[in-house]
Structure formats: structure tokens, C-alpha cells
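Inspection log for the structure reproduced underneath, given as C-alpha cells.
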Amino acid sequence: MNTSGFVDPSQIRAQFSSAMSAMYRAEVPLYGDLLDLVADTNAQVLAGSTALKQQLEWTGEIERLAMERHGAIRVGTAEELSTIRRLFAVMGMQPVGYYDLSSAGVPVHSTAFRAVHETDLQVSPFRVFTSLLRLELIEDEALRALAAEILAKRDIFTPRARALIEQCEAQGGLNAADAEEFVKQALETFRWHTEATVSAAEYDRLHGQHRLIADVVAFKGPHINHLTPRTLDIDEVQAAMPRRGITPKAVVEGPPRRQCPILLRQTSFKALQERVAFVGQPGAAGSHTARFGEIEQRGAALTPAGRALYDRLLNEARDDLGVFPSEANAQRYADLLEQRFEAFPDSYLAMRREGLAYFRYFVTEAGKAARRDETAPRSLDALIEAGHVHFEPLVYEDFLPVSAAGIFQSNLGDDAQVSYDATSNQQAFHAALGATVHDELALYAETQRRSLAECAKALGLESLG
């Protein structure tokens with residue numbers, strides 16, 4: 001019970017997620033159409049699959065399906081990144097995972113801010129994929145200096161937001177009134193601004209280096225560039241978008257369609273061209289393309305062995321294709337993925353047996369009834385076989401570097417291929433962040449361990465493993 005008078009950070013996160021969704025829907029009306037399409041698709045899938053509905057009920061996923069969201073932002077400086085970390089901490093969100101996208105032609109490295117405990121995720125699974133521009137990758141020294149100078153002049157946080165972050169850190173939380181004000185002030189960081197902070201000529205120079213560099217540097221703040229509802233059938237959504245006047249990207253990112261989904265599949269509608277007023281230019285005569293709508297289908301979180309197999313099969317499919325996946329080769333790429341991923345077991349039973357995925361375990365009514373039966377099984381495998389323990393896959397809560405790069409590239413223009421001769425620099429990212437990121441695989445392993453410990457306690461056993 002919370003006796004401090006402070007609002008639970010997960011509740012603040014839920015409020016912020018709802019406010020962000022409402023703001024983005026107002027700014028990008030097509031996103032509202034996408035939400036309607038996903039809701040219709042999910043209802044149709046659940047009506048046609050009792051087994052899937054039962055699986056979602058076991059894990060509690062059905063309760064958070066409609067509120068599933070992730071967003072993405074891009075910041076320009078270490079100070080912006082470290083402050084955004086502190087802002088998200090007010091909402092119980094911590095940096096999880098490190099993603100280097102420079103090898104895929106995107107000059108950023110990233111992390112995902114999210115809750116790290118399953119009970120907090122159940123309240124609100126909202127997560128924000130946050131990227132830091134790597135200025136050192138701008139080869140033109142004069143342009144690099146210009147970008148740094150422009151970024152140094154802006155403050156992406158309101159004074160009140162900064163004050164409430166400091167208050168939360170000092171007091172250990174926020175009361176209801178302050179939490180409501182915090183959500184309102186924090187939202188300003190993510191709002192779209194029509195007015196650029198650069199001239200049209202400066203924008204063209206930044207854009208010529210890379211479209212993403214212009215998106216990060218040329219505006220007052222890191223406008224949320226997409227939000228993402230969760231679907232239970234991404235292929236159906238992909239096929240249905242054109243029927244609703246929505247233009248999808250050519251390729252669904254991630255693994256192919258499977259009976260038992262794994263990791264993360266993503267698609268989006270193409271980024272919108274929006275009017276922009278450049279410095280020294282009368283009216284909003286310019287334009288900028290960055291914001292879009294994304295859809296995700298989440299599957300099982302994979303163990304290190306499962307990720308190694310996934311990465312190998314994905315790389316083999318992409319090597320077979322030989323070029324960047326695009327509209328011209330979308331079907332061939334899908335076929336190659338299907339062929340390669342035949343080597344990945346497509347049943348949760350097999351994935352569990354081969355140690356490829358993480359699971360959450362539950363004691364069944366039969367297990368509870370047999371607790372004091374001395375002849376009842378004691379090992380985990382035997383308990384599962386006897387129907388005393390049930391298991392379901394842990395939902396993957398994170399991201400995939402290749403998929404993230406594919407989403408970025410498709411919405412920056414398929415011709416925006418840039419090769420960066422750069423190495424991953426997680427140490428520099430941690431220095432800018434002011435913290436180290438969590439290892440997502442360790443978090444899944446811990447959630448699985450906790451579920452086994454809960455089962456052991458419920459069955460009167462010392463341990464299960």
C-alpha cells in the first residue's frame with residue numbers, strides 16, 4: 001500500500017501514454033484511422049481463436065492489448081539524453097538495451113525506456129525507443145560544427161518540467177496534482193512544432209548529409225515521430241491498410257509469419273509531408289517528412305540461444321536477397337524468410353524443450369488440488385506433463401536493430417542509404433546517458449525465475465528449475 005501520498009510511477013506512465021496518444025492522434029489524424037484498423041483486426045482475430053484468447057488471458061496480456069503503445073524520439077546532445085532519462089524515471093521507465101544503427105546507415109545509437117518488472121508492465125507497457133544523434137559521423141566538419149551550434153541553443157524541456165523532475169528526485173515521488181502537471185509539461189517536449197530553428201539553406205545542408213540529421217537538428221524539440229498500437233495479425237493489417245486509404249511500407253520487418261510468433265514484427269504507413277516555416281521565410285512554405293504510424297506484433301522473448309539462431313537465419317535470408325529489402329523485392333524477401341526460418345521450431349513446446357525462449361509458469365487448479373499428494377510429481381517437466389503447471393511465452397518487450405533501421409530507412413526514403421564506417425560505441429552512449437542500460441535478456445531470465453519461484457511456493461516445493 002502506498003502511504004507516501006505519491007502517485008505510483010506506473011500510473012504516471014499510464015497517464016502520459018494516454019495523453020501522448022491523444023496528442024498524436026490530433027496531430028496525425030491518419031494515426032486514428034490506424035488505431036481503428038488495429039482494433040477491428042484484433043477483435044476479429046480473438047473471435048476466431050479461442051486458444052489465442054486463452055493464452056492472452058493466462059498472461060494478462062488481453063487486459064493491456066488495447067493500451068499497448070511504443071513511441072520513438074531522437075535527441076541531439078548528451079544533455080538532452082541524460083535529462084530525458086531523468087524525465088522517464090519519474091514514470092518508472094529505465095533504459096533497456098543498446099542498439100547501434102550506424103552499421104545500417106542510420107547515424108544514431110539508441111536505447112528503449114520502459115518498465116522492467118512484469119507487474120509494472122501490466123499496469124502500462126508504454127516504452128519509448130530513444131536515439132542519440134552521433135555528430136561525429138558527420139564527415140563535413142563545418143556542417144558538424146553548425147549542427148552542434150544549433151543544438152546548443154535549444155532547450156527541449158520546459159522550466160516547469162525540469163523543476164518537477166528535480167522535485168521528484170529530491171522527494172522520491174510526485175503527488176496527484178504534481179503528477180498531472182508533470183504529464184502536461186513533459187508532453188511539450190514531444191509536441192510537433194511547425195517552426196524550424198534553421199533557415200531553408202541550413203536545412204538543405206543538413207538534409208543533404210542525412211534526412212535524419214535534419215529531423216533531429218532543425219526543430220525545437222524531439223517531436224514524437226511515431227506511436228505504435230499492437231496487433232495480433234500484422235499481415236492482415238498490412239493487407240488492409242490500402243483498403244482504408246493508408247499506404248504501408250513495402251516490407252514487414254522481423255521474422256516471417258509463424259504459428260507461434262517470436263520477438264517482434266513491425267510495419268508502418270509512410271511518413272507524412274508536413275508544412276514547415278523556416279527562419280527568414282514568410283509562412284509555412286517549406287516541408288519536412290518524418291512522422292508516421294507504426295504497427296507491431298509481439299511474440300516470444302528469445303534466450304541467447306534463440307537470438308543466435310534468429311540472427312543467423314535472418315542474416316542468411318538477407319544475404320540470399322543480396323540487396324536492401326524494398327517494394328521491388330518484397331515478395332522474394334518474404335519467401336526467403338519463410339525458407340530460412342523453417343529451421344526455427346514453430347511450437348512453444350519445442351522452443352521450451354530446446355531452450356530457445358523464455359516462459360512464465362503458472363500453477364493450475366489441478367496442481368493446487370494435488371499439493372499435499374505425496375505421489376504428485378516434483379520436477380518441472382513432470383508437473384507440466386501432469387497438467388499441474390502451465391507455461392506461456394514471455395512477451396518480447398524490446399526491439400531489434402535491423403528492424404528499427406528498416407523502419408527508419410523506409411520513412412526517410414528508400415534512397416537514403418548511407419554507409420558509415422563506424423564502430424559501436426556503447427561506452428560513449430552510457431557516458432551521455434549518465435547510466436548503464438539494463439541487459440534485456442537478464443530481465444527476461446529474472447521474470448522466468450520469479451514465476452518458477454512462485455510456482456514452487458504454491459506447490460510447497462523448495463524450488464523448480
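Would you be able to say whether some residue in the range 99-118 is free of Cβ contacts under 8 Å to residues at least 60 places away in the same chain and either in a helix (DSSP H, G or I) or within 22 Å of residue 226 (Cα to Cα) (or both)?
yes
For the range 243-263, how many residues are under 17 Å from residue 41 (Cα atoms) and crowded, with 17+ Cβ neighbours inside 10 Å?
4
For the range 443-465, how many residues meet the condition of being in a helix (DSSP H, G or I) and more than 16 Å from residue 121 (Cα to Cα)?
9
If residue 79 meets every condition in (1) without any contact (Cβ under 8 Å) to a residue 60 or more places away in the chain; (2) under 28 Å from residue 215 (Cβ atoms); (3) open to solvent by less than 40 Å² (accessible area, probe 1.4 Å) apart from one, which number is that one?
(3)
Open to solvent by 10 Å² or more (accessible area, probe 1.4 Å), within 28 Å of residue 156 (Cα to Cα) and either assigned to a loop (DSSP other than H, G, I, E, B) or not charged (D, E, K, R) (or both) - does that describe any residue in the range 45-55?
No, the range 45-55 contains no residue that is open to solvent by 10 Å² or more (accessible area, probe 1.4 Å), within 28 Å of residue 156 (Cα to Cα) and either assigned to a loop (DSSP other than H, G, I, E, B) or not charged (D, E, K, R) (or both).
Looking for something outside any loop (DSSP other than H, G, I, E, B), open to solvent by less than 10 Å² (accessible area, probe 1.4 Å) and hydroxyl-bearing (Ser, Thr, Tyr) - is there at least one such residue anywhere in the range 274-291?
Looking for residues that are outside any loop (DSSP other than H, G, I, E, B), open to solvent by less than 10 Å² (accessible area, probe 1.4 Å) and hydroxyl-bearing (Ser, Thr, Tyr), one finds none in the range 274-291, hence no.
Scan the range 322-348 residue by residue and report those that are of a type in the set (A, V, I, L, M), surrounded by fewer than 16 Cβ atoms within 10 Å (Cβ to Cβ) and at pLDDT below 95.
Within the range 322-348, 323, 328, 330 qualify.
Mind checking which residues of the range 12-35 are in contact (Cβ under 8 Å) with a residue 12 or more places away in the chain and either among the acidic types (Asp, Glu) or surrounded by fewer than 15 Cβ atoms within 10 Å (Cβ to Cβ) (or both)?
Residues satisfying the conditions are 27, 33.
Between a residue in the range 190-201 that is closer than 17 Å to residue 150 by Cα and any residue that is assigned to a strand (DSSP E or B) and modelled with pLDDT of 90 or more, which pairs come within a Cβ distance under 7 Å, given they are 6 or more apart or on different chains?
Qualifying pairs under 7 Å: 193/219; 196/219; 197/219.
The values are calculated or read from the model by the stated rules, or taken from the named source; none is laboratory data. Worth saying up front: this structure is predicted, and the values here are computed from it rather than measured. Virtual Cβ from ideal backbone geometry, glycine too; neighbours counted across all protein chains shown. Heads up: the accessible areas ignore ligands, DNA and RNA and are worked out on the full protein's heavy atoms, side chains in. Shrake-Rupley method; radii C 1.70, N 1.55, O 1.52, S 1.80 Å.
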